[in-house]
Amino acid sequence: MDIKTFLILGGYGNAGRVLAQLLLQETNVRLVLAGRNLEKAKAAADQFNNLFEGNRVTGVFADASDLGNLRQTFKGIDFVVVASSTAKYTKEIARTALEAGCDYIDIHFGPKIYATLYSLVEAIKNADRCFITGGGFHPGLPAALIRHAGQYFDSMEKAIVGGVMNINFKEYEFSESTKIEFVEEVIDFLPFIYKNGEWRKINIMSTKDYVAMDFGSEFGKRQCAPMFFEELREIPLIFPTLNQTGFYIAGFNWFTDYFVFPFIFISLKLFSKILIKPMSQLMQWSLSTFSKPPYGLVVKLEAIGEKNGKLKNIEIQLSHKDGYYFTAIPVVACLLQYLDGSIRKPGLWLQANIVEPNRFMQDMKRMGIDVKVQDKNGNGR
Ligand SMILES: NC(=O)c1ccc[n+]([C@@H]2O[C@H](COP(=O)([O-])OP(=O)(O)OC[C@H]3O[C@@H](n4cnc5c(N)ncnc54)[C@H](OP(=O)(O)O)[C@@H]3O)[C@@H](O)[C@H]2O)c1
């Protein structure tokens with residue numbers, strides 16, 4: 001069988017390492033772990049070669065800001081996994097992947113990424129390449145959960161997804177570029193919801209369109225603010241009976257939500273270039289200092305509609321204690337479908353919308369995500 005070589009850009013970072021571990025565990029691919037620190041890349045490769053048979057991993061230097069280096073690095077690679085905080089080099093990475101004949105997935109967040117990749121969509125199709133963006137859990141899960149829930153209904157009227165994310169930031173070391181990218185993404189979010197037949201931007205200064213969602217015994221009932229992901233755009237087209245959909249996110253902690261976030265938001269809207277570094281440090285300090293246990297991540301769907309003429313009310317809750325497993329497991333579940341050829345097709349796709357949702361859910365559960373489906377009119381399972 002043809003054994004593929006996957007390059008993970010950011011392969012020794014927090015997300016990259018878990019992706020590497022799961023890809024080695026779940027597939028037969030060879031891995032190249034890449035980043036700007038050759039020692040770290042080689043040390044991570046050695047660790048994985050000690051843990052997994054077959055000497056399948058190598059570590060190399062790669063710098064996404066250097067086009068010549070990217071071209072060299074992508075030679076002989078079948079598939080590029082972007083797990084690096086390199087959002088601003090998305091076009092260069094994608095173009096180089098196209099030139100080198102690689103397929104592609106990223107775990108980027110921001111709305112600008114999709115627009116950047118979409119500008120290359122004709123080139124991607126012409127090159128017969130499969131590019132997947134929006135991998136991970138947010139984005140990456142919300143639209144997949146709604147598509148999965150659709151099978152429980154004859155007609156779905158409301159399908160909203162909420163997320164709570166409480167990470168012990170003290171436990172992790174991040175690259176400087178990751179801290180900066182995180183703040184850029186947090187202030188760049190699009191507050192859109194779908195109601196009564198249209199996508200509508202809400203006023204983030206008012207809590208009128210926030211929703212309260214119950215995330216269970218550990219996280220309880222939380223107020224959640226709308227956050228649009230590209231993957232949701234086509235949901236009302238797939239389910240035309242929907243009159244409410246969207247993704248909603250709970251806050252981080254009281255200090256970050258009420259003081260740090262508004263301060264950063266206004267500061268960066270005014271002087272983004274000068275203040276980005278100090279603001280990223282402030283955010284990091286605030287998250288590390290004020291985030292308290294219980295730690296963990298939950299993504300929860302609430303859907304209401306009709307089945308066989310009766311009211312139906314379904315809740316599906318996915319959770320994991322570790323944010324990086326919660327990120328990497330959906331990506332690997334998607335790549336399992338890509339690797340067996342069942343979803344590979346030329347074009348630009350979103351992880352949440354290209355996956356076959358039933359197998360996606362089963363594979364995520366097998367890899368350690370806790371999945372609870374509750375039929376509120378019947379039994380939980
Ligand atoms: N979709 C989701 O659900 C989700 C969840 C979590 C994280 N993420 C995203 O995943 C990315 C990584 O997050 P993380 O927490 O794993 O960060 P991290 O631990 O700091 O890792 C970032 C990695 O990127 C590498 N890198 C940074 N700049 C680079 C460059 N110019 N060229 C090559 N490599 C570079 C870093 O290595 P060097 O600095 O040594 O080069 C490091 O290996 C971020 O973009 C984050 O937004 C997405």
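Details
- Couplings 3J(HN,Hα) for segment 205-217, derived from phi with the Karplus relation 6.51 cos²θ - 1.76 cosθ + 1.60 (θ = phi - 60°), are 7, 10, 9, 4, 9, 6, 10, 9, 10, 9, 9, x, 4 Hz, where x marks Gly and Pro.
- Mean ellipticity per residue at 222 nm, deg cm²/dmol - from DSSP H runs of n ≥ 4 across the chain, formula -39500 (n - 2.57): -11500 deg cm²/dmol
- Positive contributions from Lys and Arg (+1) and negative ones from Asp and Glu (-1), summed over other residues with Cβ under 13 Å from the Cβ of ALA45, come out at +3.
- Positive contributions from Lys and Arg (+1) and negative ones from Asp and Glu (-1), summed over other residues with Cβ under 14 Å from the Cβ of LYS292, come out at -2.
- Relative to the dominant Cα principal axis of the chain, helix 90-99 is inclined by about 60°.
- Restricting the calculation to Cα atoms, every distinct pair contributes to the Kirkwood radius of segment 217-329, found to be 17.3 Å.
- Overall size of the chain from C-alpha positions, given as principal axis extents largest first: 57, 49, 40 Å.
- The chain: relative contact order in percent, alpha carbon pairs under 8 Å with at least 6 residues between: 19
- Take every Cα pair under 8 Å whose residues are at least 6 apart in sequence, average their separation, divide by the length of segment 59-217, and the relative contact order is 18 percent.
- Using a Förster distance of 35 Å, the FRET efficiency for GLU92-ARG200 (Cβ separation, nearest 0.05): 0.50
- The order of the peptides 59-66, 299-306 by mean Cβ neighbours within 10 Å, most packed first, is 299-306, 59-66.
- Rounded to 10°, Cα long-axis angle of helix 261-290 versus longest principal axis of the chain: 80
- Counting charges near GLY110 (Lys, Arg +1; Asp, Glu -1) among other residues having Cβ under 14 Å from its Cβ returns a value of -4.
- Segment 122-211: relative contact order in percent, alpha carbon pairs under 8 Å with at least 6 residues between: 11
- Segment 186-249: trypsin sites (Lys or Arg not before Pro) in DSSP loop, at most 12 other beta carbons within 10 Å: LYS208
- Alpha-carbon geometry of segment 5-149: the Rg and the Dmax are 15.0, 46 Å, given in that order.
- When the alpha carbon gyration tensor of segment 300-369 is reduced to an equivalent ellipsoid, the three semi-axes, largest first, read 25, 18, 10 Å.
- Helix 323-339 and the longest principal axis of the C-alpha atoms of the chain enclose an angle of approximately 70°.
- Principal axis dimensions, segment 33-86 - Cα atoms, whole angstrom, descending: 33, 22, 17
- Cα Rg over Rh - segment 121-270, Kirkwood: 0.99
- Cross-link pairs LYS42/LYS345; LYS112/LYS201; LYS4/LYS300; LYS40/LYS365; LYS112/LYS307; LYS88/LYS269 - those with Cα-Cα distance over 27 Å: LYS42/LYS345; LYS4/LYS300; LYS40/LYS365; LYS112/LYS307
- Distance between the C-alpha centres of segment 311-338 and segment 195-271: 20 Å, rounded to the whole angstrom.
- Value in Å of the Kirkwood radius, where segment 124-206 supplies the Cα pairs that are averaged: 16.7
Readers should treat all values here as calculations from the given coordinates under stated rules, not as data from a laboratory. Remember, it's a predicted structure, so these values are computed and weren't measured experimentally. All Cβ positions, glycine included, derive from the backbone under ideal geometry; neighbour counts span all protein chains shown.
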